[in-house]
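First the structure, in the form of structure tokens, and then the observations on it.
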Amino acid sequence: MVVPNYRIPIRYDSLLNSEIARLGRRTYVFADVVWDPNTNESYVKMPDEPEHNHLAHGAKYRAARLPLRAFIDAPSSGSAWPQGVAAPRAVSVAWYERMCPPGRRYLVDTGKINADMGLNLGDAEGLDIVTKWGTYLLSLSDKPCVELLRGSDRLIDWKCVISLA
Amino acid sequence: MQLTRCLLWLDRRPASNCLLYDTDVITVKNRLLTMVDRFPMFSCMSLQNLSGKSRSILCLALVASILSSGTLFYHYQRGNIKPLRGPFHFRGSFSFAPTAPWPPPAPPIPTTIPVDEDVHRYPPLYPDVTAAEYLLSQHNDTLPFPEGSSAQFVRFANEQPGVGFNNQLKEMCVPPPPTHPLAFACTF
């Protein structure tokens, strides 16, 4: 008798970014799963043409942002770490924005740091990316708030987890 | 027809299908003459008193002011421009600085979680999950070092591509959790 494996949705960049934060001894800040980052509304209007609407039953609206804990209940979404792991629990973006006002943040451009480290995201191994960035975050131990700039190069691409799909 | 309406309005007579008579024109002329006689300051208000160049400049300035005032009023009503505030009430110029902040502020966080009476709230809706995120126990600044107010955060703001959920989420196959052999036997 074959028991089928569970197929769970993971947010792969959150998963590996939280591992980078753990290696750098930092608190990971988890964010919502965002469909449209440019709106302040809760919902996004879908196109009226049925060929451009891929939702089930041709729904007219869809949520603009969804909480991450609706998908995963894990240390990368704020749950407790397993026994024996000495790492701070992840916090939400709302708490991060309360504790770290914009003047307190140390902004990091990932493209510049990758060039300094000699890390080419196109052909680098995922283990190298995670290890080197964890080491880099360890060197920023005097900065209370480190923010990787929005729009800079994404560290974890979908090719890093292509074997899991 | 337009002139007839104008004259009728000047005469303040009820509208009727009458024709234009000489008496109407005479009435208007008398009114204008009476107005100039009463207020002699208006006697110089004629474009004929200006030269050709001054007249054209005055007309162009008039048209430009009308057009620009309409545009400025439109954008002021839409909130695209705002008056500069200084030591005086209004300095008389406009700035094109955007009035809306960027990025837009996050929507307000609900602080209520469903209780047992709210049976229609199950399964929990997304605002309930957001409220549960807000009420996590690590959101407390009195915790000891690796957490609390002395925590060191790292925010990966570059991980939101703004693309579909299928590009943000992937399915991972994991083995099922180990089941008690007795329960396994009973189930199957």
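Here are some notes:
- Pairs, first closer than 15 Å to A:TYR96 by Cα and in contact (Cβ under 8 Å) with a residue 24 or more places away in the chain in region B:125-136, second in a helix (DSSP H, G or I) and of a type in the set (A, V, I, L, M), C-beta under 8 Å, six or more apart: B:TYR134/A:ALA94
- The condition of being within 13 Å of the chain's Cα centre (by Cα), among the charged types (D, E, K, R) and within 7 Å of chain B (Cβ to nearest Cβ) holds for only one of A:ARG89, A:ARG69, that being A:ARG69.
- Residue selected from region A:54-66 under the condition part of a loop (DSSP other than H, G, I, E, B) and away from chain B (no Cβ under 13 Å), by the criterion farthest from B:PRO107 (Cα to Cα): A:ALA59
- Among residues of region A:40-94 being surrounded by fewer than 16 Cβ atoms within 10 Å (Cβ to Cβ) and among the polar types (S, T, N, Q), the one that is farthest from B:GLU147 (Cα to Cα) is A:ASN53.
For (1) more than 14 Å from the chain's Cα centre (by Cα); (2) free of Cβ contacts under 8 Å to residues at least 40 places away in the same chain, each residue gets a yes or a no:
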| residue | (1), (2) |
| --- | --- |
| A:ARG11 | no, no |
| A:ASP36 | yes, yes |
| A:VAL44 | yes, yes |
| A:GLU51 | yes, yes |
| A:ALA64 | yes, yes |
| A:ARG104 | yes, no |
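- Scanning region A:67-98 for residues that are assigned to a loop (DSSP other than H, G, I, E, B) and of a type outside the set (A, V, I, L, M, F, W, C) gives A:PRO67, A:ASP73, A:GLY78, A:SER79, A:PRO82, A:GLN83, A:GLY84, A:PRO88, A:ARG89.
- Residues (under 15 Å from B:LEU143 (Cβ atoms) and within 12 Å of the chain's Cα centre (by Cα)) located in region A:72-86: none
- Per the conditions (1) within 12 Å of another protein chain (Cβ to nearest Cβ); (2) among the small types (Gly, Ala, Ser); (3) part of a loop (DSSP other than H, G, I, E, B); (4) farther than 27 Å from A:PRO37 by Cα, the sole criterion not satisfied by A:GLY151 is (4).
- Residue match in region A:125-137 (condition: assigned to a loop (DSSP other than H, G, I, E, B) and in contact (Cβ under 8 Å) with a residue 12 or more places away in the chain): no
- Qualifying positions in region A:111-123 - assigned to a loop (DSSP other than H, G, I, E, B) and either within 12 Å of another protein chain (Cβ to nearest Cβ) or modelled with pLDDT of 90 or more (or both): A:GLY118, A:LEU119, A:ASN120, A:LEU121
The values are calculated or read from the model by the stated rules, or taken from the named source; none is laboratory data. It should be emphasised that the depicted structure is a prediction, and the values quoted were computed from it without experimental measurement. Please note: Cβ atoms are built from the backbone with ideal geometry, for glycine as well, and neighbour counts cover all protein chains shown.
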